[in-house]
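Participant: If you scroll down you'll find the structure; I have some questions about it.
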Amino acid sequence: MTGLSRRRAVKALIPAAGRGTRFLPVTKSVPKELLPIVSTPAIEFVVDEAARNGLADVALVLSEGKQSIATYFAPNPELEAVLEAKGDAVGLAAVRRAGQLVRIHQAIQESPRGLGDAVGCGERFAGGDPLAVLLPDDLIDDRDELLGRMLDVQQEHGGVVIGLIEVAHRDIGKYGVVAPAGAIVGDVIPVSDLVEKPHPDEAPSDLAVVGRYVLPPEIFDALRRIDPGAGGEIQLTDAMRLLAHEGVPVHGVIFRGRRYDTGDRLDYLRAVVQLATRHPAVGPDFTAWLREYVHDMDHTNGSAPRD
């Protein structure tokens, strides 16, 4: 296929319309994406990643009842005035920071019909240009690079670029998996096919898709042409697979850095602990307490020590 855009993506889409049922009951009233990592909502880390990589416009794909996510990124003049009157410069900067990262846009997903459907809601926002998609459950450590590298690869090759991680073979059935079309060069591998959650015996590789994509404008037509897939939903994997079979180049960037998964309760707690140790205000004290706590557990036969 010829004529594919190699313009560098300057816009990002974050699908945030899911119900967050794994975090009930809190997600009955608070979107999962606003659950805090210490005092910062998880989604702010993802928006910050977009900003650091030159994606100045970010569309949040929301559903009814999740407007508070967009509200979080909007100015709050009343609160800002109170903090300013108190002379609380630190609090004022923290409140203003989220709204100053990028220009926030919104799109509404009428019903939860899958990741592909959520991406399709961003067609008008993309405006015929490549689009980065960042899943809010995956936090990439700011000391490691993935998205910027993917943007470079997309600009060089065009087509689809996918973030990949190497997964233990026994766990590969939990992920979308790629079939390599050639050798790894540095951290980049050409891809010939994608399979959603294969049986380990049938997996074409141990390279699993992580929640970062850079997609060409052709993705939107592909999403219209595929049938509902697993769970009766519109699967982004199926649309990317269709493009691959039609000759659109697909490349993966293999990420070997630090990634925090906030998609389920246990991994969310791990992410909170890991990032809390780096928090500029509480990190040193929290780390010292954590060491003491673990030491005490080791000396009380594994039972939790008294606080």
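The values are calculated or read from the model by the stated rules, or taken from the named source; none is laboratory data. All values derive from a computational prediction rather than experimental measurement. So basically every Cβ, Gly included, is an ideal-geometry build from the backbone, and we count neighbours across all protein chains shown.
Participant: Run D201 past the list (1) outside any loop (DSSP other than H, G, I, E, B); (2) within 23 Å of the chain's Cα centre (by Cα); (3) surrounded by fewer than 20 Cβ atoms within 10 Å (Cβ to Cβ); (4) at pLDDT below 95 and report the number of the one that doesn't hold.
Facilitator: Status for D201: all satisfied but (2).
Participant: If a residue must be at pLDDT below 90 and surrounded by fewer than 11 Cβ atoms within 10 Å (Cβ to Cβ), how many such residues does the stretch 249-305 contain?
Facilitator: Count: 6.
Participant: Would you check if I219 is of a type outside the set (S, T, Y), in contact (Cβ under 8 Å) with a residue 40 or more places away in the chain and part of a helix (DSSP H, G or I)?
Facilitator: In short, yes.
Participant: Quick one: what pairs do we get from the stretch 153-164, first residue closer than 18 Å to A179 by Cβ, second part of a helix (DSSP H, G or I), C-beta under 7 Å, 6+ apart or different chains?
Facilitator: V160/M240; V160/L243; V161/M150; V161/V153; V161/Q154; G163/M150
Participant: Okay, moving on. Do you know which of the residues in the stretch 143-188 that are assigned to a strand (DSSP E or B), closer than 23 Å to G116 by Cβ and of a type in the set (A, V, I, L, M, F, W, C) is farthest from the chain's Cα centre (by Cα)?
Facilitator: Applying the filter and picking the extreme gives A179.
Participant: A follow-up question, please. Given the structure, is R97 basic (K, R) and touching an Asp or Glu at 6+ places or on another chain (Cβ under 9 Å)?
Facilitator: Yes, satisfied.
Participant: Being buried (at least 20 other Cβ atoms within 10 Å of the Cβ), within 18 Å of R6 (Cα to Cα) and either in contact with a helix residue (DSSP H, G or I) (Cβ under 9 Å, 6 or more places away or on another chain) or without any contact (Cβ under 8 Å) to a residue 24 or more places away in the chain (or both): is that true of I172 here?
Facilitator: Values: buried (at least 20 other Cβ atoms within 10 Å of the Cβ): yes; within 18 Å of R6 (Cα to Cα): no; either in contact with a helix residue (DSSP H, G or I) (Cβ under 9 Å, 6 or more places away or on another chain) or without any contact (Cβ under 8 Å) to a residue 24 or more places away in the chain (or both): yes.
It is false that I172 is buried (at least 20 other Cβ atoms within 10 Å of the Cβ), within 18 Å of R6 (Cα to Cα) and either in contact with a helix residue (DSSP H, G or I) (Cβ under 9 Å, 6 or more places away or on another chain) or without any contact (Cβ under 8 Å) to a residue 24 or more places away in the chain (or both).
Participant: Within the stretch 239-261, is there a residue that is within 18 Å of the chain's Cα centre (by Cα) and assigned to a helix (DSSP H, G or I)?
Facilitator: So far as the stretch 239-261 goes, yes, one or more of its residues are within 18 Å of the chain's Cα centre (by Cα) and assigned to a helix (DSSP H, G or I).
Participant: Go through the stretch 182-192 and count every residue that is without any contact (Cβ under 8 Å) to a residue 12 or more places away in the chain and over 22 Å from D144 (Cβ atoms).
Facilitator: Of the residues in that region, 2 qualify.
Okay, residues lined up against (1) at pLDDT 95 or above; (2) in contact with a strand residue (DSSP E or B) (Cβ under 7 Å, 6 or more places away or on another chain); (3) more than 26 Å from G114 (Cα to Cα):
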{"site": "T27", "(1), (2), (3)": "no, no, no"}
{"site": "V46", "(1), (2), (3)": "yes, yes, no"}
{"site": "E49", "(1), (2), (3)": "yes, yes, no"}
{"site": "G54", "(1), (2), (3)": "yes, no, yes"}
{"site": "Q67", "(1), (2), (3)": "no, no, no"}
{"site": "P75", "(1), (2), (3)": "no, no, yes"}
{"site": "L83", "(1), (2), (3)": "yes, no, yes"}
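Participant: Of all residues in the stretch 222-235, count the ones that are under 24 Å from P136 (Cα atoms), modelled with pLDDT under 95 and either of a type in the set (D, E) or assigned to a helix (DSSP H, G or I) (or both).
Facilitator: So the answer is 4.
Participant: Any idea how many residues of the stretch 204-236 are basic (K, R) and surrounded by 21 or more Cβ atoms within 10 Å (Cβ to Cβ)?
Facilitator: 1
Participant: For the stretch 43-55, how many residues are over 11 Å from V102 (Cα atoms) and either surrounded by 23 or more Cβ atoms within 10 Å (Cβ to Cβ) or of a type in the set (K, R) (or both)?
Facilitator: The number of residues fulfilling the criteria is 2.
Participant: Please determine, by comparing only the residues of the stretch 15-74 that are farther than 16 Å from H105 by Cβ and of a type in the set (F, W, Y), which one is farthest from the chain's Cα centre (by Cα).
Facilitator: F23
Participant: Considering only residues of the stretch 1-33 that are part of a strand (DSSP E or B) and of a type in the set (A, V, I, L, M, F, W, C), which is nearest to G148 (Cα to Cα)?
Facilitator: Taking the candidates together, the pick is A12.
Participant: Still on this structure: Given the criteria surrounded by fewer than 16 Cβ atoms within 10 Å (Cβ to Cβ), among the hydrophobic types (A, V, I, L, M, F, W, C) and under 23 Å from R8 (Cβ atoms), does V161 qualify?
Facilitator: Against the criterion (surrounded by fewer than 16 Cβ atoms within 10 Å (Cβ to Cβ), among the hydrophobic types (A, V, I, L, M, F, W, C) and under 23 Å from R8 (Cβ atoms)), V161 does not qualify.
Participant: OK, next. Kindly establish whether D138 is touching a residue at least 60 places away in the same chain (Cβ under 8 Å) and farther than 14 Å from A59 by Cβ.
Facilitator: Values: touching a residue at least 60 places away in the same chain (Cβ under 8 Å): yes; farther than 14 Å from A59 by Cβ: yes.
When the stated conditions are applied, D138 passes them.
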